[in-house]
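Participant: The structure's right below; bear with me while I get my questions together.
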Amino acid sequence: MQESVYPTVSISMGGSRAQVNKPHKTRFSSKSSRNIHKISHKDKNRTAKSNHNVAQGARAARLQRSKMLREQKKEALLKEKRASSGSAGPPRVILLFPLSVSVNVSSLAEDILRLLSADVGGAFSSTVVSSEYKLRATVLHAPHGDLLSCMEMAKVADLIAFVASATEQSTCDYIDSFGSQCLSVFRSLGLPSTVVFIRDLPTELKRRNDAKKIITSGLTSEFPEDCKFYPADTKDDLHKFMWLFKEQRLTTPHWRNQRPYLIAQKELLNYCNFFMNFTSLGVDMVPDDSSPEKCTLLLTGYTRAHSLSVNQLVHVSGAGDFQLSRIDIMKDPIPLNARKDHNAMDSDDIEDAEIIRSLAPDPSSQEPLLVENVPDPLAGEQTWPTEAEMAEAERNQKQKRLRKRALPRGTSEYQAAWIVDDTDGEDSGVENDGDDDEDDDGMLLDEGESGFPSQEDSNNPDFEEDQVSLHLRDSDEETENDSVMMEGDNMTREQIEDEIKKINEAHAEDEEFPDEVDTPLDVPARKRFAKYRGLKSFRTSSWDPKESLPPEYARIFAFDSFARKQKHVVAQALKVEQEGRDDCAPVGSFARFYIKEVPFHVASNLCAASRTAPIVLCGLLQHESKMSVLHFSIKKHDSYDAPIKSKEELIFHVGFRQFVARPIFSTDNINSDKHKMERFLHAGRFSIASIYASISFPPLPLIALKNAAGAGTPAVAAVGSLRSIDPDRIILKKIILTGYPQRVSKLKATVRYMFHNPEDVRWFKPVEVWTKCGRRGRVKEPIGTHGGMKCIFNGGLQQHDTVCMSLYKRAYPKWPEHRFPANV
């Protein structure tokens, strides 16, 4: 009998289950085959030991990796702590901000400075060193009511201490309107580490604890979860806080750690006996002999966040972008270890020993101050075509002549390329009167982009007038008055009130009837709306982003891939930081920066402004001085009630940078490459603000200020963040022409008051029409001499319905007249 190689199935006596026998256990297998599955005890132990070793090795590797990661994090944390609180780190900046006008912050600042500098009597500097706490700190107190100074101080603060008074009668009085506004602005900028100081607490212990609980419960919702409340009335209270503050790990916004920056104050007073005769001016200016309108601005302070190269471009807050002519790394005037520095210098020669070393820029590697692109007027010129190109053009021309198309009267060849050849659905019940040109239902192109009229229309005088008007691009009239309101100095009070009233009425009308425009009676619609075109579909229709660009686009820069370029620039800056090159001022060093070619009046304004607020200098990354089109995600501030119109002048605070811009607002369509322009920035929703400005790499916060007519200080108009940099982003301005049905007969209707002459009806005939009740249709033919027209729809039309026609043109931001607030 042949041996079976398949398993056999045996049934047990009870028949309860079936057992599948293995091949080596069958009675037909040989003795040798029955022992094949057996493994010797020695081999079994060797195999088991090998698997055990593999498992143990993998577990050990995981444990070792986890240990290495913990050690790296611990080392990075210790390095950060030493850099921030050690002798090599810059002084910590403490900002005291009063939540209400009744809080006396000056007395609290004096108490803190007196606590930190207990060995020195008399006047105190804002920057002090404490040998007891082994801490250096700069104490700033924000002036209540000065929004710009509070914003500049909050940008550089390592710790914001909000000060509340316990003498207020109710919980809502702890924070007044200005304090609430500044608190919302600080949140938009990004809050660093925060604490709350409680002043004016009762001396009795029980009442003191009850008052502290009431204030804490009333203010907890306004601050982050990790914000703690401290009493700050006595020296013991401040002593307890300082011991905690010395060991606290401070957190700062991410955008601040991307670039090096420096805080320059008006004066850094003499602190120790060694510097008793030395005063270092934080902000100073030296006239330029070669150019009387220029000067060299001197800013002195501690380098923070990253090392700053002398070959790097810098931005002075509110003044602009500049190059450096020199950096002097100086002896620290307030070191933690004063004895070492005292023995290292000779008191008879302070001025010479004050400068440790000077850094001069290298002309070959210094970043050029390139702001605008200089266009070549002959860049678009073409050479004389070759014979092959001329022959090919002639063949293409013959093919176009052979291909006949039924086009509306007055349509050029360039416009004909945009007309889609498809039917309207007349097979579905719509009557066809036999006109071949009734089927043209495509888009109407901006006629100003077509400079070549067709030959058959060259004898039409109306068409020639249209062409002449379209070539005058600079005389383009806007649907709304896009001009900015004149300066308040040139207008009377009545004129200002009338202008504000007109803007408010336009804002209310835009909210009630968005995009609707009346056709003028004295100007033909084909001239008035010559730069507009129709779209078959706003989402899917194509629009060339390089078509008919304005002259300003020749002055800006664009990236092939912005994300790749940003990654490369950040990696290059990190590489320079790790190399520790000789042309850089290291982090924590006390240095003086010489900024060349600063306008004299700008430097004078900065010297005057430095008495109330610090002047901030920040280093720029590569390409960040060049102009481009920036897009911000923006939202109207809750405290601002006045309307904000597109192309109005706003002051943008983007990180450390300040500049003037005239943005246009638009929606953010995720499913389309085209975005609809908004005439006003509406409250309660986010929009996209597009401007011409210097390139900045995100993430960066945005605070938009607006100068109100007749007001001295600007108000917070909107907040947001930098979204992207893309000159090819298509923003379309939409207008809607409306008409009203006069007679309705099934699918047909006679519409009036959309146009006022039959030539306009023929001109806009290819554009699709729609109604507010959801019907869609097309223009069939003009009727009469007053602009009436016959339309065909895809369904029955109601008498009370409104017939609309949508037209689009591309919109661009306005180029600012002056770029920086200090230049105004």
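Participant: In whole percent, and with a 1.4 Å probe on the protein chains, what portion of the accessible area of the range 732-810 is carbon and sulfur?
Facilitator: 47 percent
Participant: Looking at this model, which pairs from LYS674/LYS814; LYS502/LYS527; LYS74/LYS134 are more than 24 angstrom apart at the alpha-carbon?
Facilitator: LYS502/LYS527
Participant: Sticking with this one: Let me test this: with uniform point scatterers at the alpha carbons of the range 85-252, what is the Debye-based log₁₀ I(q)/I(0) at q = 0.15, 0.16, 0.17 1/Å?
Facilitator: Each listed q maps to, in turn, -0.82, -0.94, -1.07.
Participant: I've got another one for you. Once the principal axes of the Cα atoms of the range 732-810 are found, what is the range along each, listed largest first in whole angstroms?
Facilitator: The Cα atoms of the range 732-810 stretch 37, 29, 18 Å along their principal axes.
Participant: Quick check for you: with a 1.4 Å probe and neighbouring chains kept, what is the accessible area per residue of the range 732-810, in Å²? The partial results should precede the final answer.
Facilitator: Numbers: 3150 Å² over 79 residues.
Counting only protein heavy atoms, the per-residue value for the range 732-810 is 40 Å².
Participant: Keeping all protein chains in place, calculate the accessible area per residue for the range 588-685 (probe 1.4 angstrom), answer in Å².
Facilitator: Result: 30 Å² of accessible area for each residue.
Participant: At a 1.4 Å probe, what is the % contribution of carbon and sulfur to the accessible area of the range 85-252?
Facilitator: C and S atoms contribute 51 percent here.
Participant: Treat each spin label as a single point 7 Å out from the Cα along the C-beta direction, and report the ASP518 to ASP582 distance in nm.
Facilitator: 7.5 nm
Participant: Here's something else I'd like to know. Would you mind pulling out the separation of the Cα centroids of the range 641-708 and the range 752-785, in Å?
Facilitator: That distance is 36 Å.
Participant: Using the Cβ atoms and a cut-off under 9 Å, what net charge is assigned to the surroundings of LEU797, where Lys and Arg are +1 and Asp and Glu are -1? Could the numbers behind the result be given before it?
Facilitator: On the way: positive: LYS746, LYS748, ARG775; negative: ASP801.
For residues surrounding LEU797, the net value is +2.
Participant: Would you mind getting me the FRET efficiency between GLU547 and ASN669? Use the beta-carbon distance for r and R0 = 25 Å, nearest 0.05.
Facilitator: Using R0 = 25 Å, I get an efficiency of 0.80.
Participant: Another question about this same structure. Roughly how many Å² is the accessible area per residue of the range 85-252, as a whole number, for a 1.4 Å probe?
Facilitator: 43 Å²
Participant: Something else: Could you work out how much longer the chain between ARG59 and SER107 gets when fully extended? Use 0.36 nm per residue separation minus the Cα distance between them, nm to one decimal. Let's see the in-between values first.
Facilitator: On the way: separation 48, 0.36 × 48 = 17.28 nm, distance 6.02 nm.
Full-extension gain reported as 11.3 nm.
Participant: Here's something else I'd like to know. Count the lysine pairs in the range 703-790 whose Cα atoms lie under 14 Å apart, taking only pairs 8 or more positions apart in sequence or on different chains. Before the final figure, lay out the partial values.
Facilitator: On the way: LYS746/LYS790; LYS748/LYS780; LYS748/LYS790; LYS765/LYS780; LYS765/LYS790; LYS780/LYS790.
Step by step, the pairs that qualify in the range 703-790 add up to 6.
The values are calculated or read from the model by the stated rules, or taken from the named source; none is laboratory data. Keep in mind that this is a model prediction, so the values were computed, not measured. Cβ: placed from backbone, ideal geometry, glycine included. Neighbour counts: every protein chain shown. What goes into the accessible areas is simple: the full protein's heavy atoms, side chains included, and nothing from ligands, DNA or RNA. Shrake-Rupley method; radii C 1.70, N 1.55, O 1.52, S 1.80 Å.
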